[in-house]
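Enquirer: Quick one: the structure is below, questions incoming.
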Amino acid sequence: MTITIDDGFSFEIVPFAPEHAAEAHEIEKAVFSDPWSRRALTESAANPDAAYCAAVLTGGECIGYAGMYLARGAEGSAGQASINNIAVAEPYRRAGVGGALLAALISRARREGADEVFLEARISNANAIAFYEKRGFTRIGVRRNFYARPREDAAVMALRI
């Protein structure tokens, strides 16, 4: 499904593919102080217990990506999902791309049988915390010294689906 934004651009949310890795890695480096390597992104996205998607402009450029792991029970359905990353290239932030990526992950978690989605956000990242709270996540705890560069606690957040 193509999403058109008032700012005059259109994008789609598609399954993450190896051809998205280079652009996703550049976004990762620009967004996070301790970015994953291109190889780590590719390997993580290929994990059978992972679900990754990319926001791709009509011309094919990857402008954002998101990923999560699914914790599967003995019967094979996911009981929980844990979001690893959501990252959007600077020119496309605050335009609905991150929300569309998050919605795609939550939809996938629901289809896989998860009843909860978890994530961590830097305790100082008020914008990220507000973004998640606006979409129904609540703070349920703190992971001390979760982030390394710089060292910082993480707010643990959850959403029942």
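Enquirer: Restricting attention to region 132-151, and to residues there that are at pLDDT below 95 and surrounded by 15 or more Cβ atoms within 10 Å (Cβ to Cβ), which single residue is farthest from Arg72 (Cα to Cα)?
Expert: It comes out as Tyr147.
Enquirer: Quick one: is Ala78 among the aliphatic types (A, V, I, L, M), surrounded by 13 or more Cβ atoms within 10 Å (Cβ to Cβ) and over 26 Å from His25 (Cβ atoms)?
Expert: Values: among the aliphatic types (A, V, I, L, M): yes; surrounded by 13 or more Cβ atoms within 10 Å (Cβ to Cβ): yes; over 26 Å from His25 (Cβ atoms): yes.
Against the criterion (among the aliphatic types (A, V, I, L, M), surrounded by 13 or more Cβ atoms within 10 Å (Cβ to Cβ) and over 26 Å from His25 (Cβ atoms)), Ala78 qualifies.
Enquirer: Test Ala155 against the criterion of being modelled with pLDDT of 95 or more and surrounded by 18 or more Cβ atoms within 10 Å (Cβ to Cβ), and give yes or no. Show your work before the answer.
Expert: Numbers: modelled with pLDDT of 95 or more: yes; surrounded by 18 or more Cβ atoms within 10 Å (Cβ to Cβ): yes.
When the stated conditions are applied, Ala155 passes them.
Enquirer: Kindly provide the set of residues from region 38-62 that are under 14 Å from Ala104 (Cβ atoms), aliphatic (A, V, I, L, M) and in contact (Cβ under 8 Å) with a residue 40 or more places away in the chain, ordered by number.
Expert: Matches in region 38-62: Ala51, Ala54, Ala55, Val56.
Enquirer: Further, regarding this structure: Restricting to region 46-63, name every residue that is of a type outside the set (Val, Ile, Thr) and modelled with pLDDT under 90. Full working, then the answer.
Expert: If we filter region 46-63 for residues that are of a type outside the set (Val, Ile, Thr), which is where we start, we get 46-55, 57, 59-62.
Within region 46-63, Gly59, Gly60 qualify.
Enquirer: Sticking with this structure for a sec: Within region 90-98, is even one residue of a type outside the set (Gly, Ala, Ser), out of contact with any Phe, Trp or Tyr (no Cβ under 8 Å at 6 or more places or on another chain) and on the phi > 0 side of the Ramachandran plot? Talk me through it step by step, then tell me what you get.
Expert: Just the residues of region 90-98 that are of a type outside the set (Gly, Ala, Ser), to begin with: 90-94, 97.
In the following step, the residues that additionally are out of contact with any Phe, Trp or Tyr (no Cβ under 8 Å at 6 or more places or on another chain) were identified as 90-91, 93-94.
Cutting the leftovers down to on the phi > 0 side of the Ramachandran plot gives us 94.
Within region 90-98, one or more residues are of a type outside the set (Gly, Ala, Ser), out of contact with any Phe, Trp or Tyr (no Cβ under 8 Å at 6 or more places or on another chain) and on the phi > 0 side of the Ramachandran plot.
Enquirer: Can you go through Gly67, Gly73 and tell me which one is closer than 26 Å to Glu112 by Cα, modelled with pLDDT of 95 or more and not aliphatic (A, V, I, L, M)?
Expert: Answer to the selection: Gly67.
Enquirer: Only residues that are hydrophobic (A, V, I, L, M, F, W, C) and modelled with pLDDT under 95: list them for region 97-115, please. Quick ask: steps written out before the conclusion?
Expert: Kept after step one, since they are hydrophobic (A, V, I, L, M, F, W, C), are these residues of region 97-115: 97, 100-106, 109, 114.
Residue satisfying the conditions is Ala114 alone.
Enquirer: Also, quick follow-up: Every residue in region 18-49 that is farther than 17 Å from Asn125 by Cβ, surrounded by fewer than 15 Cβ atoms within 10 Å (Cβ to Cβ) and of a type in the set (Gly, Ala, Ser), please.
Expert: Ala22, Ser37, Ala40, Ala46 - these are the residues of region 18-49 that are farther than 17 Å from Asn125 by Cβ, surrounded by fewer than 15 Cβ atoms within 10 Å (Cβ to Cβ) and of a type in the set (Gly, Ala, Ser).
Enquirer: What are the residues in region 114-131 that are over 21 Å from Arg94 (Cα atoms) and surrounded by fewer than 17 Cβ atoms within 10 Å (Cβ to Cβ), if any?
Expert: So the first thing to find is which residues in region 114-131 are over 21 Å from Arg94 (Cα atoms), and the list is 114-118.
Asp115, Glu116, listed by residue number.
Enquirer: Please report, ordered by residue number, the strands (runs of 3 or more DSSP E) entirely within region 90-161 with at least 3 residues that are basic (Lys, Arg) and over 14 Å from the mean Cα position of the chain (by Cα). Outline the logic, then answer.
Expert: Values: elements: 116-122, 138-148, 151-160.
Where strands (runs of 3 or more DSSP E) fall fully within region 90-161 and carry at least 3 residues being basic (Lys, Arg) and over 14 Å from the mean Cα position of the chain (by Cα), they are 138-148.
Enquirer: Also, quick follow-up: Does region 30-45 contain at least one residue that is in contact with a Leu (Cβ under 7 Å, 6 or more places away or on another chain) and over 20 Å from Pro91 (Cβ atoms)?
Expert: First pass over region 30-45, keeping only residues in contact with a Leu (Cβ under 7 Å, 6 or more places away or on another chain): none.
No, that holds for no residue.
Enquirer: Let me ask something else about it. Any residue in region 82-89 that is out of contact with any Phe, Trp or Tyr (no Cβ under 7 Å at 6 or more places or on another chain), on the phi < 0 side of the Ramachandran plot and free of Cβ contacts under 8 Å to residues at least 12 places away in the same chain?
Expert: No, the conditions are met nowhere in region 82-89.
Enquirer: Taking Tyr69 as meeting all but one of (1) without any contact (Cβ under 8 Å) to a residue 40 or more places away in the chain; (2) in a loop (DSSP other than H, G, I, E, B); (3) in contact with a strand residue (DSSP E or B) (Cβ under 7 Å, 6 or more places away or on another chain), write down the number of the exception.
Expert: That leaves (2) as the condition not met.
The values are calculated or read from the model by the stated rules, or taken from the named source; none is laboratory data. Everything numeric here is computed off the predicted structure, so don't read it as measured data. Cβ atoms come from the backbone with ideal geometry, glycine included; neighbour counts cover every protein chain shown.
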